[in-house]
Each structure stands twice: as structure tokens, then as C-alpha cells.
Amino acid sequence: MNDTYFIAIVITILICHLVAIIVAYKKGKSTLIIPYLNMVMVIDIFVFWAITSPNVKEHNFEFTELAVIGLEACILIFAFYAIFGFYNKTPVKVINSIGFGLHLLVTIGLLYYRLAFKFDRLF
């Protein structure tokens, strides 16, 4: 995968985040777009992690990796809670908003990093 495809994918993800923010702002409340977007992001992260971790010959779990996996699992659980009808509960709204914000910040940081440092290939 070269930089052009990767940057196009990241920009598409950012556009999805912006659409979710605009829809939530126009409606005046948080919508179910945010939990669905969180769910898709977490599943993508888990799939990426599952694909890349077997390529490492000796894989030792570090604290940061376990913390990110645990946080993403928590975000996924609360996204499922929101999707299946508990979206009015305050803890569900808070965790979904935090997860949405973290995913947005990390995606912006990733795009900045990729635009600042050019690579021949991703992996």
C-alpha cells in the first residue's frame, strides 16, 4: 500500500468523523452515528492488530499495547450498548464521546505524521 491510498483512506475516515459531528450539531444531540463509527473504528483496529501481530516472531505484550486493546474493547462494548438501545444512559454517552474524540485525534495525528514524513511503502 503506498502513501496515496493510505492518505485517501485516512481522509475518508476524517470526513466520516466530520459528518458525524455536523449531524450531531444540527440535531442538537448525539446521534447513533457516533456509536456506529466507533464500532467500525474499533473493529478495524482489532483486525489490523490481529493481522500484524502474527508477523512478529516473538511477540511480548507491553503495557501500552494491553491498555490500548482494553480501551478499544471498552469503547466497543459501550458502542454496542448504544446501538442496542441504551444510548440515553449517561455513561454510554460519555464513553462513546471519549472514544469518538480519541479516534478523531489519533486519525488527525496519523494524517499529519504521514504527510510530514514520506515513506516508500507502509509496511
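Observations on the structure shown:
- If you check Thr64, Thr107 for being among the hydroxyl-bearing types (Ser, Thr, Tyr) and out of contact with any helix residue (DSSP H, G or I) (no Cβ under 9 Å at 6 or more places or on another chain), only one passes: Thr64.
- Residue ID - surrounded by the most Cβ atoms within 10 Å (Cβ to Cβ), chosen from residues in region 10-25 that are more than 23 Å from Ile95 (Cβ to Cβ) and modelled with pLDDT of 85 or more: Ile11
- Applying a threshold of 8 Å to beta carbon distances and a minimum spacing of six or more residues, or different chains, the list of pairs starting in region 5-16 at a residue that is closer than 15 Å to Val106 by Cβ and ending at one that is aliphatic (A, V, I, L, M) and part of a helix (DSSP H, G or I) reads Val10/Leu110; Val10/Leu111; Ile11/Leu111; Ile13/Met41; Leu14/Leu104; Leu14/Ile108; Leu14/Leu111; Cys16/Leu37.
- Residues considered: Glu72, Glu65. Of these, the only one that is assigned to a helix (DSSP H, G or I), charged (D, E, K, R) and without any contact (Cβ under 8 Å) to a residue 24 or more places away in the chain is Glu65.
- Total residues in region 22-60 satisfying the condition of being touching a helix residue (DSSP H, G or I) at 6+ places or on another chain (Cβ under 8 Å) and among the β-branched types (Val, Ile, Thr): the figure is 7.
- For Ile7, the conditions (1) surrounded by 14 or more Cβ atoms within 10 Å (Cβ to Cβ); (2) under 16 Å from Gly99 (Cβ atoms); (3) of a type in the set (A, V, I, L, M) all hold with the exception of (2).
- Just so you know, in region 1-38 the residues that are closer than 19 Å to Leu76 by Cα and hydroxyl-bearing (Ser, Thr, Tyr) include one that is nearest to the chain's Cα centre (by Cα), and it is Tyr36.
- So Ile43, is it on the phi < 0 side of the Ramachandran plot, surrounded by 14 or more Cβ atoms within 10 Å (Cβ to Cβ), at pLDDT 85 or above and β-branched (Val, Ile, Thr): no
- Candidates Phe63, Phe123, Phe119, filtered to the one that is modelled with pLDDT of 85 or more, of a type in the set (Phe, Trp, Tyr) and loosely packed, with under 15 Cβ neighbours inside 10 Å: Phe63
- Test result for Glu72, out of contact with any Lys or Arg (no Cβ under 6 Å at 6 or more places or on another chain), surrounded by 15 or more Cβ atoms within 10 Å (Cβ to Cβ) and either farther than 26 Å from Asp3 by Cα or at pLDDT 85 or above (or both): yes
The values are calculated or read from the model by the stated rules, or taken from the named source; none is laboratory data. As the structure is a prediction and not an experimental result, all values here were calculated from the model. FYI the Cβ positions are ideal-geometry reconstructions off the backbone, even for glycines, and counts take in every protein chain you see.
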